[in-house]
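Have a look at the structure below before the remarks.
The values are calculated or read from the model by the stated rules, or taken from the named source; none is laboratory data. Quick caveat, the model's predicted, so the values are computed rather than measured. Positions of Cβ are backbone-derived with ideal geometry, glycine not excepted, and every protein chain shown enters the neighbour counts.
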Amino acid sequence: MKRTFHYIWPTVIASALGIGIFLGGKLNFNDSPEKLFTTNSKKDKLNRLIDYIDYEYVDEIDTDSIVDVTVNNILEKLDPHSVYIPEREMDRVAENMKGDFVGIGINFYPYRDTISVIRTIEKGPSFLKGILPGDRILMADNDTLYGKRLGSESIVNKLKGKKGSSVKLQVYRKEEDKLFTVNVKRDVVPIKSVSAYYMLTDDMGYIQVNRFAESTFREFKTALRELEKRGARKLTLDLRDNPGGYLGIAEQMADEFLKDGKMILFTKNKKGKIDRVYATKKGSFEDKPVYVLINERSASASEIIAGALQDNDIGTIVGRRSFGKGLVQREMELGDGSAVRLTVSRYYTPTGRSIQRSYRKGSKDYYKKFTDRYHSGELISVDSIKVADSLKFTTPKGKVVYGGGGIIPDAFVPIGNNEVETIEVMDSSGIFSYFIFGHLDSDRTRYNTYTRETFMGEFITDDILFEQFIDFCLRNSYKLDYYAHEEKIKTYLKAALAEQLFDSNLYAKIKSEEDAMLQKVLDLDNPLVSQEEVDAIEGKN
């Protein structure tokens, strides 16, 4: 039997950044296909127009492109999250939401016009064949993989293929000045949803989840079990910048923290049908302290978890108000390989809150309101968040919460100043990582003596590397008062080194030293800190 998924799909725009968001669930149309797709004059009109253009119009026209434009124009009249997926994008979208693809298992840069391996996926096809960080892949079978005109997407397409198929790679190893060939058999390669997990303190684990794909809950449970083995009795769940994904996965994750019978959410469709979702007995982290980190780019599935815990008086939500996406989409095929993700219902948190922002004035205004948050000051001060008394709700323990545009955290953490945020953008856009790759490429042997433990405890970013990074940034027109943020930059350089030398877990753990939200969690969790001190930390008088 074919599974039906539902999604929450917004496109968040902040600083011209678009984020696609999916979410899944358990809804089904009650109408039969015959009832849904009966012939009517409106459909006949569109079909006749396309036929007239196809057969009678004076010039040759690509009617497929006309249909695509028509579909998009129709969906734009509905809501910002009903979207059309052309056939050419279906494979990429499906891979992202499935959580894996078939390939050779490498992370790479088109570094100086050559495909350079950053690292291989542990126990993946390339790892097992001995390909190392820093190796250059020059050829894949008869395809050349170097040159200025070769884009990343084109390279990926040449390396991907059917599971079990082989590709002959021509590889250059700079350290040994050696050219060799190796046959790599393609296999399933995971696209990780859990970006990192580690012990934040002796008894608190940390898990960062970047989206909600089919594989996310399995990854989350694996990470949680490992952290519990290491002594985790508390958890920080990092959902910052998480745009969402399948609804069912969010329900499973929320269930881990809620007791049997507690409501997770409910949905309502256009006919008024309500479907309620409750926690089960499966939860393994009930009655334990949990902190959930959110920010202005946390959406849909992330908001479901934050809202479910907040409305059930479980844990502490830390950060800034979330995006505000309360619509559920369902993917439906259009018969030609393309599909539409159509909004089919709204979801509500356990207290009855809808956290969907208004889109009555259209998508442009909808996304402009997102950037307006910065100008209104609400990213700097919790007192600047505008709430309506008509959207006030109360949790079972009497805590006041609000609907109408995202989840407002229990503990607010302001955004950094312009230069701090510039450093964050530089990091997320890969500037630190790209610089560090070049640094390692000049001589990797200088780090051969380090283990994970000794690197974490003993390595210090020296002034030489710091100055080299400044020169690199200035050459690439990044202007900043680098010396005013020397400690943060040096920490991020160390983190980037850790990621390429070891893994993303050590990268995240090192970065935590400069993470304001994680420092807030540590302050809130410290039993020796008084309420007055907590208020002072939060900037309250």
Open item on the list: Just to check your reading of the model, which residue among LYS168, LYS178 is surrounded by fewer than 15 Cβ atoms within 10 Å (Cβ to Cβ), closer than 23 Å to HIS439 by Cα and over 31 Å from the mean Cα position of the chain (by Cα)?
Closed with: LYS178
Task: Number of the condition not met by ILE137 [criteria: (1) in the same structural domain as GLU175 (by TED's automatic domain parsing); (2) in contact with a strand residue (DSSP E or B) (Cβ under 7 Å, 6 or more places away or on another chain); (3) under 30 Å from PRO243 (Cβ atoms)] - done: (3)
TODO: Collect the residues in the stretch 509-519 that are closer than 22 Å to ALA411 by Cα, of a type in the set (A, V, I, L, M, F, W, C) and crowded, with 19+ Cβ neighbours inside 10 Å, keeping them in residue-number order.
DONE: MET517, LEU518
TODO: Kindly indicate which of VAL387, VAL382 is among the aliphatic types (A, V, I, L, M), at pLDDT below 85, assigned by TED's automatic domain parsing to the domain that holds SER302 and surrounded by 15 or more Cβ atoms within 10 Å (Cβ to Cβ).
DONE: VAL387
Task: Residues satisfying the stated conditions in the stretch 439-461, i.e. surrounded by 15 or more Cβ atoms within 10 Å (Cβ to Cβ) and not aromatic (Phe, Trp, Tyr) - done: HIS439, LEU440, ASP441, ARG444, MET456, THR461
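Could you tell me whether any residue of the stretch 153-160 is part of a loop (DSSP other than H, G, I, E, B) and loosely packed, with under 11 Cβ neighbours inside 10 Å? Before you say what the answer is, go through the steps one by one.
So in the stretch 153-160, the residues part of a loop (DSSP other than H, G, I, E, B) come out as 160.
Next, only the ones that are loosely packed, with under 11 Cβ neighbours inside 10 Å stay: none.
No.
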Task: Members of the stretch 255-282 found to be touching an Asp or Glu at 6+ places or on another chain (Cβ under 6 Å) and under 18 Å from SER300 (Cβ atoms), listed by number - done: ILE264, THR267, VAL277
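Suppose we filter the stretch 132-143 for residues that are under 30 Å from the mean Cα position of the chain (by Cα) and within 16 Å of VAL156 (Cβ to Cβ); how many remain? Steps first, please.
Let us first name the residues in the stretch 132-143 that are under 30 Å from the mean Cα position of the chain (by Cα), namely 132-137.
Imposing the further condition that a residue be within 16 Å of VAL156 (Cβ to Cβ) reduces the set to 137.
So the answer is 1.
Could you run through the stretch 222-237 and say how many residues are surrounded by 16 or more Cβ atoms within 10 Å (Cβ to Cβ) and closer than 16 Å to GLU286 by Cα?
Residues of the stretch 222-237 that are surrounded by 16 or more Cβ atoms within 10 Å (Cβ to Cβ), as a first pass: 223-224, 227, 232, 234-237.
Keeping just the survivors that are closer than 16 Å to GLU286 by Cα gives 224, 227, 232, 234-237.
So the answer is 7.
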Task: Enumerated helices (runs of 4 or more DSSP H) restricted to the stretch 425-541, each holding at least 2 residues that are at pLDDT 95 or above and in contact with a strand residue (DSSP E or B) (Cβ under 6 Å, 6 or more places away or on another chain) - done: 504-511, 516-525
TODO: Give the residue that is nearest to GLU76 (Cα to Cα), with candidates limited to residues of the stretch 296-348 that are modelled with pLDDT of 95 or more, surrounded by 22 or more Cβ atoms within 10 Å (Cβ to Cβ) and among the acidic types (Asp, Glu).
DONE: GLU303
TODO: Run down ARG346, ARG321, ARG357, ARG353 and say which single residue is part of a strand (DSSP E or B) and of a type in the set (D, E, K, R).
DONE: ARG346
